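Trainee: Below is one structure. I have some questions about it.
The values are calculated or read from the model by the stated rules, or taken from the named source; none is laboratory data. Given the structure is predicted, the values throughout are model-derived calculations rather than measurements. FYI the Cβ positions are ideal-geometry reconstructions off the backbone, even for glycines, and counts take in every protein chain you see.
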Amino acid sequence: MIKAILLDIGNVIIDYFPERFVFNMKEQAGISEMDIVRYFLLQGGDKDYTEGKVTSDEFFDQVSSDLKFDLSKEKFKNIWNEIFGRKEDMESLIRKLKSSYPVWALSNTNDWHIEYVKVVYPILLELDQLFLSHELKCQKPDIEIYKKVLDATGLAPEEIFFTDDVKKNIDAAKKIGFKAHHFKSSEHFEHELKSLGVLL
Ligand SMILES: [Mg+2]
């Protein structure tokens, strides 16, 4: 029986547009799209920041020296943060779920993002608990992070219904027994919840 709902944040609870970061870094810092993509996607330029191993200031110092740009920290922080959008259909779905289940989030994130999204998208403050990579010092799809959720909540994996837009995060969750759904749209997700009897 499902006892709790666990949601990814980016592209599930709120919209996520990393291409805005790429575009703005090109426009405002003169870094090519290829260089940005290579640094963050291929070289894992934000891995330590996502895992809480460096502070925001250390992350900024590292990125600005690796990519050789001279934006101020404030300017870079704005570009870094302005990649999200509201998903009103998910807000109402979360409120419906909350009348019967604890609703939690599990996100690969960092200090600057979470501080920003809590202010701009207050739906996050309505969740019962946030499990965040930079606080847990590990990230999806590492099995470690799912185990930390189980330890913290005392639930069995099959009692948690997890959704995420990234397939490898779903595969890892299923491997240790979570009920998991690959998120494509709120309609698709709602349909899945109804077919499992989670949502009436
Ligand atoms: Mg996501």
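Trainee: What pairs can you find where one residue is in region 88-114 and under 19 Å from residue 57 (Cα atoms), the other is small (Gly, Ala, Ser) and part of a strand (DSSP E or B), and their Cβ atoms are less than 9 Å apart, with a gap of 6+ or different chains?
Mentor: Once the first residue is under 19 Å from residue 57 (Cα atoms) and sits in region 88-114, its partners that are small (Gly, Ala, Ser) and part of a strand (DSSP E or B) give 108/10; 109/10; 113/10; 113/107; 114/107.
Rundown of residues vs (1) at pLDDT below 95; (2) under 23 Å from residue 167 (Cα atoms); (3) surrounded by fewer than 17 Cβ atoms within 10 Å (Cβ to Cβ), yes/no style:
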| position | (1), (2), (3) |
| --- | --- |
| 6 | no, yes, no |
| 28 | no, no, yes |
| 47 | no, yes, yes |
| 65 | no, no, yes |
| 82 | no, no, yes |
| 99 | no, no, yes |
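Trainee: To continue, here is another question. Within region 174-196, can you find the residues that are assigned to a loop (DSSP other than H, G, I, E, B) and closer than 18 Å to residue 157 by Cα?
Mentor: The answer is 176, 177, 178, 196.
Trainee: Here is a further query. Is there any pair with a first residue in region 157-179 that is assigned by TED's automatic domain parsing to the domain that holds residue 103 and closer than 17 Å to residue 193 by Cα and a second that is within 16 Å of the ligand (Cβ to nearest atom) and among the polar types (S, T, N, Q) whose Cβ atoms are under 9 Å apart and which are 6 or more apart or on different chains, and what are they?
Mentor: 162/169; 164/11; 165/11; 170/163
Trainee: Scan region 121-139 for residues that are among the charged types (D, E, K, R) and closer than 13 Å to residue 6 by Cα and jot them down.
Mentor: Matches in region 121-139: 128 only.
For every residue, the table says whether it meets (1) away from the ligand (no atom under 16 Å from the Cβ); (2) assigned by TED's automatic domain parsing to the domain that holds residue 149; (3) hydrophobic (A, V, I, L, M, F, W, C); (4) in contact (Cβ under 8 Å) with a residue 24 or more places away in the chain.
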residue: 9; (1), (2), (3), (4): no, yes, yes, yes
residue: 23; (1), (2), (3), (4): yes, no, yes, no
residue: 33; (1), (2), (3), (4): yes, no, no, no
residue: 41; (1), (2), (3), (4): no, no, yes, no
residue: 66; (1), (2), (3), (4): yes, no, no, yes
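Trainee: In the set 130, 150, 125, which member is within 16 Å of the ligand (Cβ to nearest atom), surrounded by fewer than 18 Cβ atoms within 10 Å (Cβ to Cβ) and outside any loop (DSSP other than H, G, I, E, B)?
Mentor: None of the other options fit; the residue is 130.
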